[in-house]
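Engineer: After the structure tokens below, expect a handful of questions from me.
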Amino acid sequence: MAGRRSQEDYRREPPWYEDGLRFTCTQCCQCCTGPPGYVWLSSGELGRIARFFGLSPAAFARQYCREVGRRVSLKEQTNGDCVLLTPAGCGVYPVRPAQCRTFPFWRDNIRSRQSWEAAAERCPGIGRGRLYAWQEIERIAAERWYT
Ligand code: SF4
Ligand code: SF4
């Protein structure tokens, strides 16, 4: 995984997205559905989402989470959709995990213009709406998904 670049690095060589990138979520929920994947949770996130449901962390984990090695991921529904996806969208939107909150500004997606365009094929919100400055993109991409 590439390390975070410093302000000095960027003065020498600006990122390819120095003019910013556009993104506004259309709430299509495509990133919450489909083939199996992982939505990682830190213990802090698990606790926040459990409180949102009015459950203890242990009860929430039993019902909605699975252990993957030493990490914890949300379960999936039988069709592969995230267990927290409802017909009205994300059932925990205000407290959704960082992995979901930081999409699509993941390091893998902003690595190159090609990566960003490949991500846009799966996310109709990419390339439209709000313009994010590169500094903001860097801040979002630097957020950790779990601890
Ligand atoms: S795929 Fe993109 S536009 Fe659709 S819900 Fe996910 S982030 Fe929003
Ligand atoms: S937690 Fe919410 S935003 Fe994240 S994958 Fe599940 S339904 Fe989608």
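Engineer: Looking at segment 74-122, which GluC sites (Glu not before Pro) are DSSP coil and have at most 16 other C-beta atoms within 10 Å of their C-beta?
Structural biologist: Of the GluC sites (Glu not before Pro), the ones in loops of segment 74-122 whose Cβ has at most 16 other Cβ atoms within 10 Å are Glu121.
Engineer: What's the longest piece of the chain with no exposed chymotrypsin sites (Phe, Trp or Tyr not before Pro), counting a site as exposed if DSSP puts it in a loop and it has at most 15 other beta carbons within 10 Å?
Structural biologist: That would be 39-147.
Engineer: Which whole-number percent gives the relative contact order of the chain, counting Cα pairs below 8 Å spaced six or more residues apart?
Structural biologist: RCO, the chain: 38 percent.
Engineer: Enumerate by residue number the trypsin sites (Lys or Arg not before Pro) in segment 43-147 meeting two conditions: DSSP loop (anything except H, G, I, E, B), and at most 11 other Cβ atoms within 10 Å of the site's Cβ.
Structural biologist: In loop regions of segment 43-147 (DSSP not H, G, I, E or B), the sparsely surrounded trypsin sites (Lys or Arg not before Pro) are Arg70, Arg144.
Engineer: Over the Cα atoms of segment 23-76, compute the convex hull volume and normalise it per residue, giving Å³.
Structural biologist: 112 Å³
Engineer: Give me the base-10 log of I(q)/I(0) for segment 39-109 at each q in 0.12, 0.18, 0.20 Å⁻¹, Debye formula, one uniform scatterer per Cα, rounded to two decimals.
Structural biologist: Ignoring solvent entirely, the Cα scatterers give -0.31, -0.70, -0.87.
Engineer: Please work out the Kirkwood hydrodynamic radius for the chain, using every pair of different C-alpha atoms, and report it in angstroms with one decimal place.
Structural biologist: 16.6 Å
Engineer: What residue among Gly129, Trp40, Gln27 has its Cα farthest toward the positive end of the dipole of the chain, where the charges are +1 on Lys, Arg and -1 on Asp, Glu, each on the Cβ?
Structural biologist: Trp40
Just so you know, all these numbers are worked out from the coordinates, no wet-lab data involved. On a predicted model such as this, the values are computed, not experimentally measured, just so you know. Heads up, the Cβs are rebuilt from the backbone with ideal geometry, glycines too, and the neighbour counts pull from every protein chain shown.
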